[in-house]
Amino acid sequence: MKVGLVGIGRMGRVLAGLLAGQVDLVIFDRNIEKVEKAAEEISVSTVGSLGEMAELGIVILALPDPEVVSCIKVFNDIGKNITVINIATNASQNMLNSIADSHVKCICAKFIGHAGEIALGHSPVIIVNQFPVEVVAQTVEIFQLVGQVIVGKADLVYTINTVAAQKAIEAGVAIEEVLKQKGISDPGIIKNAIGQVAAGVMKSYADGTLGPFAREIVQSVKHKNETKSL
């Protein structure tokens with residue numbers, strides 16, 4: 001299967017690496033140096049324009065929201081039948097549908113995952129939108145090569161990722177503030193307390209592999225939260 005990928009930013013580069021060798025991948029980015037470097041590293045082909053991308057028939061957009069809109073408008077003008085898969089969290093299915101002409105079929109495939117963690121080998125969950133029905137199966141076929149795929153309402157990923165990011169940042173800020181209040185201000189210590197201890201504990205909590213001491217803390221936190229809600 002020949003698949004185009006537009007955008008070799010953080011997530012786009014990770015996705016390209018995962019798809020390379022599993023599909024006939026062709027990549028494009030306005031940054032010529034970046035796209036040529038990526039193509040050499042993962043042994044894939046490149047094209048020099050969105051017009052050439054449209055010839056492939058199926059293209060993934062790994063771009064910021066405004067650029068997703070711009071690309072779809074370009075595909076509208078080109079006039080060729082094409083399936084466009086958007087992975088930008090903030091670009092909603094309804095927004096894409098309102099922009100795209102009838103020959104441009106748009107579907108969202110959104111990642112519950114972090115580019116850095118995925119690059120380290122952690123598998124993401126990807127929600128492929130349930131509509132339009134005629135392009136769901138092909139989209140699932142592609143993204144099953146990358147992680148666990150669920151067909152549903154892809155726009156829920158915005159809420160999921162926002163809650164997770166906000167709570168993680170709140171925890172990081174709280175750890176930094178409490179340590180400084182206790183007279184611990186060394187940047188290296190704070191970095192590791194957040195990046196290794198806290199992050200490691202959160203991963204163990206998610207995986208269900210916490211030790212006895214940490215499980216006691218979980219019960220204490222849950223009890224405290226239940227008490228607050230009464």
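I'm trying to understand the selection: among the residues of the range 83-102, which are in contact with a Cys (Cβ under 6 Å, 6 or more places away or on another chain) and surrounded by 19 or more Cβ atoms within 10 Å (Cβ to Cβ)?
Result: Val84, Asn86, Gln93, Leu96.
Select from the range 88-105 the residues that are within 22 Å of Lys2 (Cβ to Cβ) and assigned to a loop (DSSP other than H, G, I, E, B) and list them in ascending order.
Of everything in the range 88-105, those that are within 22 Å of Lys2 (Cβ to Cβ) and assigned to a loop (DSSP other than H, G, I, E, B) turn out to be Ala100, His103.
Working carefully through the options Asp77, Asp29, Asp24, find the one that is under 18 Å from Val104 (Cβ atoms) and either at pLDDT 95 or above or not hydroxyl-bearing (Ser, Thr, Tyr) (or both).
Asp77
Only helices (runs of 4 or more DSSP H) wholly contained in the range 120-230 count here; list those with 2 or more residues that are of a type in the set (Gly, Ala, Ser) and more than 16 Å from the chain's Cα centre (by Cα).
156-181, 199-207, 212-229
In the range 26-69, how many residues are among the basic types (Lys, Arg) and outside any helix (DSSP H, G or I)?
Residues meeting the conditions: 1.
Could you please give the count of residues in the range 1-39 that are buried (at least 21 other Cβ atoms within 10 Å of the Cβ) and of a type in the set (Lys, Arg)?
Of the residues in that region, 1 qualify.
Among the listed residues Lys228, Lys203, identify the single one that is among the basic types (Lys, Arg) and either in the same structural domain as Ser92 (by TED's automatic domain parsing) or farther than 21 Å from Ser123 by Cα (or both).
Unique residue meeting the criteria: Lys228.
If Lys105 satisfies all but one of (1) basic (Lys, Arg); (2) surrounded by 17 or more Cβ atoms within 10 Å (Cβ to Cβ); (3) farther than 19 Å from Glu134 by Cβ, what's the number of the condition it fails?
Tallying (1) basic (Lys, Arg); (2) surrounded by 17 or more Cβ atoms within 10 Å (Cβ to Cβ); (3) farther than 19 Å from Glu134 by Cβ, Lys105 fails exactly one: (3).
In the list Ile72, Ile8, Ile85, which residue meets the criterion of being in a strand (DSSP E or B) and of a type outside the set (D, E, K, R)?
Ile85
The values are calculated or read from the model by the stated rules, or taken from the named source; none is laboratory data. As the structure is a prediction and not an experimental result, all values here were calculated from the model. When we count neighbours, we look across all protein chains shown, and the Cβ atoms used for this are built from the backbone with ideal geometry, even at glycine.
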